[in-house]
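Everything below concerns the one structure shown next.
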Amino acid sequence: MALGGRYLQGGLGGHPPHDGQRMKKVLTLPTALETSPDFARIGVRKKPFPKADPFFRGLTASCAVLVPLLIAAIFSELLHYSLPAFKKFGLSFLISQEWNPVTGQFGAASSIFGTLVSTFIAMIIAVPLSLAIALFLVELAPPKLSRAVGTMIELLAAIPSIIYGMWGLFVFAPLMARYVQPVLGHYLGVLPLFQGPPLGIGMLTAGIILAVMILPFISAVTRDVFQLVPPVVKESAFGLGATTWEVTFKVTIPYGLVGIIGACFLGLGRALGETMAVTFVIGNSHRISASLFAPGNSIASALANEFTEATEPLYISSLIALGLILFVITWTVQVISQILLRRMYRAWSVGL
Amino acid sequence: MKRFAFLALVSTILLVLSGLAGAQEIALNGAGATFPFPVYSQWAFKYAQLTGVKINYQAIGSGGGIAQIKAKTVDFGGTDEPLKPEDLKESGLAQFPMVMGGVVPIVNLSGLGANQLRLDAETLAGIFLGKITRWNDPAIQKLNPEIKLPEVAITVAHRTDGSGTTYIFTHYLSQVSPEWKEKVGTGKAVKWLAKASVGGKGNAGVAGQVQSIAGAIGYVEYAYAFQNKIPTVKLQNKAGKFVEPNLETFQAAAAHADWEKAPPGFGLMLTHQPGEASWPIVGATWILMHKNQPEADKAKALLKFFDWCYKNGDKMAKELHYVPLPDNLVKMVEAYWTKEIKAKGKPVWP
Amino acid sequence: MKTRPPWGRKLLNLSVCLWAGISASLGLVALFWIITTVVIKGFRAFDFHFFTALPTPPGVPGGGVANAILGTAVLTALATLAAVPIGMLAGIFLGEFGQDAKIADFSRFAANVLMGMPSIIIGVFAYGLLVVPMGSFSGYAGAFALAVIMLPVVSRTTEDMVRLVPNTLRESALALGAPRWRVTLGIVFRAAKSGLLTGVLLAVARVSGETAPLLFIALNSPYWLTSLAKPTPNLTVTIFDYAMSPYADWQQKAWGASLLITLGILAVTVMTRWTLREKKS
């Protein structure tokens with residue numbers, strides 16, 4: 001009985017309870033029933049497991065704590081296994097282009113370069129597209145169409161990475177080799193960006209496929225951001241005679257800028273860590289090249305290709321060091337993304 | 001809630017049972033070189049049909065095979081780079097050859113069929129060093145006066161993983177090209193100097209890359225070219241003759257091997273052999289097993305499989321253009337088994 | 001204030017809206033292109049042998065991926081068994097007790113971060129934690145890696161579903177004298193049951209297509225699964241091996257396996273989203 005009085009919701013005011021509203025712990029005085037001498041005679045049953053509640057709370061809390069513990073565990077294990085490589089090469093590991101298993105010289109530069117460049121290409125392509133898609137879904141399309149198209153765009157996120165890799169290798173890369181790259185090379189071949197034989201696979205193809213993969217993530221969150229902008233604000237702008245584009249550009253985007261950047265960081269985080277799709281189409285060459293047509297590698301693809309074959313401890317340690325670098329980069333990006341998104345949601349739940 | 005718990009309980013019981021069942025059956029695991037995978041997989045398949053003993057060989061590259069057997073995560077390893085006697089002694093491994101095969105350059109040039117293109121040691125090294133970058137380079141054209149070579153860029157396909165095939169190939173290049181020896185060297189994984197290069201995983205990966213990229217050249221064990229009808233090239237051998245890759249030229253090269261003079265562990269390299277009909281890039285592939293076997297039954301079952309392959313696998317090997325070991329070598333290997341491979345102090349074989 | 005001629009603004013607006021429509025179409029085009037490719041190429045591989053036979057060496061006809069299908073099912077089931085109880089308990093904490101606690105905030109944040117972690121890093125983690133000490137590639141290590149990936153997804157969806165249960169339900173149970181743990185497990189759980197199941201299905205769909213964490217953890221095997229402490233056959237690594245090979249029949253099987261996985265995942269995803277949307281409205 002006493003326990004039941006403790007959890008009241010939203011304070012003792014006269015508000016009817018809303019779903020999802022917070023339940024606050026409120027101290028209540030024992031009721032008249034409980035203090036009366038007749039109480040003992042009624043024979044209230046004792047709770048069967050008095051310690052069960054704290055135990056349950058402790059159990060669930062420890063499961064919840066497991067999640068951040070896992071992240072810490074991953075970090076410490078990566079650090080532990082990559083120490084030999086860092087001890088041997090020092091910080092020059094980060095800028096050295098050497099990747100020579102014969103002489104035992106390893107450097108992360110080509111992998112980091114490949115990861116960053118392919119992600120950069122993906123972001124350049126995906127961000128404008130995602131913003132446009134979000135605009136379409138929120139402002140332009142009628143509700144039913146918006147829901148249908150939105151679901152289908154989200155399905156892009158459900159397709160496993162290896163399927164993208166298969167499609168990229170067998171369908172998209174040959175198309176790039178036969179039609180797109182020769183054309184680009186012909187007209188823009190003056191720039192070192194577009195020089196080299198049209199292999200089909202390579203940095204550009206990897207970047208484009210990554211863009212398709214992160215598109216649903218950025219557009220879904222951006223769509224949520226656009227929807228969270230209070231209609232009042234948008235309608236005042238519309239009322240002043242602004243066009244849809246002007247409302248979006250001058251009102252919605254500035255209002256939701258924090259959230260949009262958070263969405264971009266979310267997509268960035270995914271692109272950085274993408275493995276299978278990139279492994280299939282990036283060409284797997286430990287070389288930094290100025291051309292977009294050239295093959296390269298990314299940290300994730302290097303791990304996927306070489307991990308099973310690394311024999312010497314230094315080789316394995318260097319690979320795990322690559323993994324550590326990737327972990328640090330993606331962790332930072334994810335944290336920034338979460339902070340930004342939270343800031344947006346928190347700011348707007350307070351209300352206009 | 002109850003249903004969920006019930007399902008969980010049932011599945012766990014099933015899994016535990018299956019784990020126990022797995023302990024009984026003889027399934028032998030090996031990992032290593034992709035070089036012999038086409039013939040090993042055929043042998044294992046046939047053997048499983050005949051005896052029920054399952055040999056699971058994962059082709060992950062020689063480097064991976066060596067690492068796995070040293071870490072004792074598999075029962076045997078496969079490698080095309082022979083370990084040196086000191087290394088064998090230190091890791092307690094026995095090493096013996098299983099079969100021999102040829103490493104061949106493969107090309108993807110439209111209009112060019114199998115064995116039409118001729119290359120010699122210098123042009124081959126030049127291409128893989130990145131010095132020769134177009135197919136109609138005068139050096140290549142000189143060797144092939146009757147073919148009009150196109151103005152297409154050369155893309156070099158190489159292995160991304162630790163590969164015994166790479167070892168055999170680079171061993172040959174180091175023998176015939178001082179520049180290669182100085183700049184790149186021999187190894188399971190090397191630094192590829194050619195600017196336009198792509199990597200593939202396993203022999204299969206390199207074959208796949210060459211198949212899909214126009215103007216590509218790669219190196220694979222012959223079975224991969226043969227099974228997938230990828231055009232191969234003629235190479236100039238030590239005697240100066242241009243030979244095609246096939247069973248006969250591989251056998252001719254292998255015949256020059258003097259196994260009596262091989263170091264312990266049979267680590268004999270067969271590249272650049274003399275003889276007019278010899279294919280210049282031939283290699284053996286070895287099996288690695290621990291000398292001290294924990295279970296005599298398992299070790300015996302494994303050796304029985306290898307013995308079956310020696311005695312009954314010739315036809316299957318030759319169909320894929322692998323060269324089976326000569327009889328006298330098989331005798332030497334089986335004597336080696338008796339001497340080296342023991343379980344609890346007693347020899348496992350015969 | 002800079003004024004633009006009205007037709008200029010209208011033109012800009014029109015072109016932007018056109019661009020928005022084109023972008024949406026591009027997204028749809030990509031989706032349908034990929035799905036139709038997988039369906040067309042994969043369907044050719046579907047025959048009786050594909051679903052029932054063991055793999056054969058390249059060039060030998062009649063092979064299939066039956067062992068890989070079973071292997072993936074077992075790995076996923078094991079991962080689910082491990083991740084769901086822990087994830088649900090974590091989600092319950094976040095949803096029921098977690099509005100004020102700093103720990104809850106921290107855990108929620110961490111769950112979101114963990115969800116965005118590359119699966120190959122989790123694979124490396126499982127390698128160091130389980131493969132190296134156990135001395136063998138194993139299904140257990142593979143299932144562990146998959147469970148780590150599933151955990152934050154289950155936790156998040158459980159939290160969302162638990163939050164949706166109206167407080168009136170809780171209060172009535174508490175008022176009747178039920179202890180908190182009974183309220184949560186008996187009442188809230190039962191009320192959110194279908195939503196929780198949906199969350200679990202979503203996590204399963206996400207994880208059954210993962211390749212990177214299994215590549216060097218569970219490896220692969222051409223035989224039936226007999227022991228989880230050894231290399232375990234699975235569909236995704238099979239696709240990887242077969243796709244990178246030059247053998248046409250293996251490549252076709254890779255497409256068939258791709259179709260199988262894609263069909264399963266898309267079906268589950270569409271179903272669960274439909275259910276979730278109904279719940280939220």
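Observations on the structure shown:
- C:Ser194 versus B:Asn246: modelled label distance in nm, points set 7 Å from Cα along the beta carbon direction: 7.0
- Helical segments meeting 24 Å axial Cα length and Kyte-Doolittle -0.5 threshold in chain B (DSSP H): B:2-24
- For residues of A:87-94, the mean tally of beta carbons on other chains within 10 Å: 0
- Note on B:50-57: average number of Cβ atoms from other chains within 10 Å of each residue's Cβ is 2.
- Whichever lysines have a C-alpha closer than 16 Å to that of B:Lys315, once near sequence neighbours (fewer than 8 apart) are set aside: B:Lys46
- A cut-off of 5 Å between modelled amide H atoms, ignoring neighbours fewer than 5 places along the same chain, links B:Asp161 with B:Gly202.
- Gyration tensor verdict on the stretch B:102-256 (Cα atoms; rounded if a/c is under 1.5, prolate if a/b is larger than b/c, oblate otherwise): rounded
- Out-of-range pairs (alpha-carbon distance over 26 Å; input B:Lys188/C:Lys41; C:Lys41/C:Lys230; B:Lys181/B:Lys331; B:Lys300/C:Lys230; B:Lys291/B:Lys331; B:Lys142/B:Lys318): B:Lys188/C:Lys41; C:Lys41/C:Lys230; B:Lys181/B:Lys331; B:Lys142/B:Lys318
- Each residue of the stretch C:91-100 was assigned a 3J(HN,Hα) from its phi angle through the Karplus expression (A = 6.51, B = -1.76, C = 1.60, θ = phi - 60°), giving x, 5, 4, 5, x, 8, 9, x, 5, 9 Hz with x at Gly and Pro.
- The stretch B:254-271-the stretch B:125-144 distance, computed between alpha-carbon centres (Å): 33
- For B:Ala216, distant residues with modelled amide H under 5 Å away: B:Asn108, B:Thr155
- With a Förster radius of 30 Å applied to the C-beta separation of C:Leu14 and C:Ile40, the computed FRET efficiency comes to 0.20.
- Cross-link partners of B:Lys148 among lysines (Cα-Cα below 26 Å; sequence separation of 8 or more within a chain): B:Lys131, B:Lys195, B:Lys229, B:Lys234, B:Lys241
- Modelled spin labels at C:Leu169 and A:Leu83, positioned 7 Å past Cα toward Cβ, are 5.0 nm from each other.
- Residues within the reach of a label modelled at A:Ala52 (point 7 angstrom out along Cα to beta-carbon, backbone nitrogen below 16 Å), restricted to the stretch C:173-198, are C:173-190.
- C-alpha center-to-center spacing [the stretch C:233-281, the stretch A:227-305] in angstrom: 26
- One Cα centroid belongs to the stretch A:64-89, the other to the stretch C:9-85; the line between them spans 33 Å.
- Peptides C:221-227, A:270-276 ranked from most to least packed by the mean count of surrounding Cβ atoms within 10 Å: A:270-276, C:221-227.
- Potential extension, B:Asn312-B:Ala71 segment - 0.36 nm per residue separation minus Cα distance: 83.6 nm
- Distance between modelled label sites at B:Asp297 and A:Leu191, nm, 7 Å Cα→Cβ extension: 6.8
- For the stretch B:102-256, the relative contact order works out to 37 percent when only alpha carbon pairs closer than 8 Å and six or more residues apart are counted.
- Annotation: peptides A:206-217, A:240-251, B:268-279, ranked by per-residue average of other Cβ atoms within 10 Å with the highest first, follow the order A:206-217, B:268-279, A:240-251.
- Reachable lysines, given that their alpha-carbon falls under 25 Å from the alpha-carbon of C:Lys10 and they are not under 8 places away in the same chain: A:Lys234, A:Lys250, C:Lys2
- Contact order for chain B, expressed relative to its length and based on alpha carbon pairs under 8 Å spaced 6+ residues apart, stands at 23 percent.
- Top positive-direction residue, dipole computed over the stretch C:68-280 with Cβ charges, set C:Ala257, C:Asn112, C:Ile122: C:Asn112
- Whether the protein assembly as shown is rounded, prolate or oblate, judged on the alpha carbon gyration tensor where a/c under 1.5 counts as rounded: oblate
- Contour excess over end-to-end distance, with Cα ends at B:Gln141 and B:Lys346 and 0.36 nm allotted per residue: 67.6 nm
- Protection proxy ranking of A:117-127, B:140-150, by the mean of other Cβ atoms within 10 Å over each peptide's residues and highest first, is A:117-127, B:140-150.
- Cα-based shape type of the stretch B:254-350, given that a ≥ b ≥ c are square roots of the gyration tensor eigenvalues and the cut on a/c is 1.5: prolate
- Shielding score for A:277-284, defined as the mean number of other chain Cβ atoms within 10 Å: 4
No lab work stands behind these numbers, since they all come straight from the coordinates. Since the structure is predicted, the reported quantities are computational estimates derived from the model, not experimental observations. Cβ atoms come from the backbone with ideal geometry, glycine included; neighbour counts cover every protein chain shown.
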